[in-house]
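Everything on this sheet refers to the single structure shown next.
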Ligand SMILES: [Zn+2]
């Protein structure tokens, strides 16, 4: 899918900053002084941090290239949405990528915002991705260091198939490189995240050794990628559980889920991860990303929101900003959202069958588990089609539902 040549950017829709009026505050108060203590608190709490990678993994979707101005606008909307961390790009990939990350770090990454309760909240952490080598890590640091809360996210593959065929490295060489490069990143930046790439297909016992070394070298977030979207919810949940239990120091750091949707299981896998102690989820708006995409932000966040008795977990996301973020990402990337996509598809709050419409008119909860307004849409829609009854249209207006021909 390629992007249309002239994408209409509706300035009115996206640049109104009315809700962004923030009283002047000292930005220094938002720096994290003790990263280890911060990570320990998050790991033991019931709030899941949302790490949005729309601008990095999402932008790797075929045909989804974004211009720097579009990236900045999306970053502003992600901040408004309340994401805790945004991965703004892969600075070593090109000078343009580095510049985009740098500009996001120096603007969005330095600006306090409104939190969920209307309070003045810290700017998001701005992360830059780096392979486990000094050159990439230097570029990532160059790009993110202007943010109040910068993070270097470095990764190295740990599955036998990747180590043998892609890296051509032995297990011992991988262990040594992880230790050296996490330590190097940590010498520049107090907040370092490490990912064993293809973690979902790695030997769990070897992963424990890799993660132990990463923790010793100073990583405070350990992200477990199911890079190829191969695992099932039971397997992925069990892997997170095993790694947290068996890695020395594992309970004092933040475990993170990063899943791909090749089997349509990304959201289920991510939720299995948080049920097993992960406290960061790596997600994208509309689930865009390599191949079949990443875990979708809106699906996981709304699952936590709609089913608190099941998950007992919260997020800092301002759900009313979901629709706007989704619409913006779809337009700027040129990636159309399938109509039946959960939460953000055009039909997600539309009802056509007569029996459903009749129920909706009597009581909205008969066929809706959440209000359209929760994600920032005005109303649900009753679609007048061949499956509708006669009186649905006239009655709809009286009930605050909008009939659509
Ligand atoms: Zn990925």
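Read the figures in this text as sums done on the coordinates, not as results from a lab. Keep in mind the model is a prediction, meaning the values are calculated, not measured. Note that we place each Cβ from the backbone using ideal geometry, even for glycine, and neighbour counts take in every protein chain shown.
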Against the longest principal axis of the chain, how steep is helix 233-246, in degrees 0 to 90 to the nearest 10, with axes from Cα atoms? 40
Based on other C-beta atoms within 10 Å, arrange 81, 207, 72 from fewest to most. 72, 207, 81
Among 269, 46, 294, whose mean-square fluctuation peaks in a Gaussian network model of the chain (Cα, cutoff 10 Å)? 46
Efficiency by 1/(1 + (r/R0)^6): what FRET value for residue 165 and residue 110, r their Cβ-Cβ distance, R0 = 45 Å, to the nearest 0.05? 0.60
Using only Cα atoms and rounding to the nearest 10 degrees, what angle (0 to 90) does helix 68-81 make with the longest principal axis of the chain? 80
Value of relative contact order over the chain, rounded to a whole percent, pairs C-alpha under 8 Å and six or more apart: 17
Quick check on the chain: of the DSSP beta bridges with both residues there, what percent are antiparallel, nearest 5%? 5
Only counting other Cβ atoms within 10 Å, I'd like 291, 114, 151 sorted with the fewest neighbours first. 291, 114, 151
Separation of segment 206-234 and segment 105-176 by C-alpha centroid, Å? 14
Specify the angular offset, from 0 to 90 degrees and rounded to the nearest 10, of the alpha carbon long axis of helix 95-106 from the longest principal axis of the alpha carbons in the chain. 70
Please state the equivalent ellipsoid semi-axes for segment 30-333: what are the square roots of 5 times the Cα gyration tensor eigenvalues, largest first, in whole Å? 26, 22, 19
What residue among 292, 272, 24 has the largest mean-square fluctuation in a Gaussian network model of the chain, using Cα springs under 10 Å? 24
Burial ordering of 380, 330, 187, fewest other beta-carbon atoms within 10 Å first: 187, 330, 380
How far apart, in nanometres, would the label points at residue 135 and residue 205 be if each is projected 7 angstrom from Cα along the Cα-to-Cβ direction? 3.7
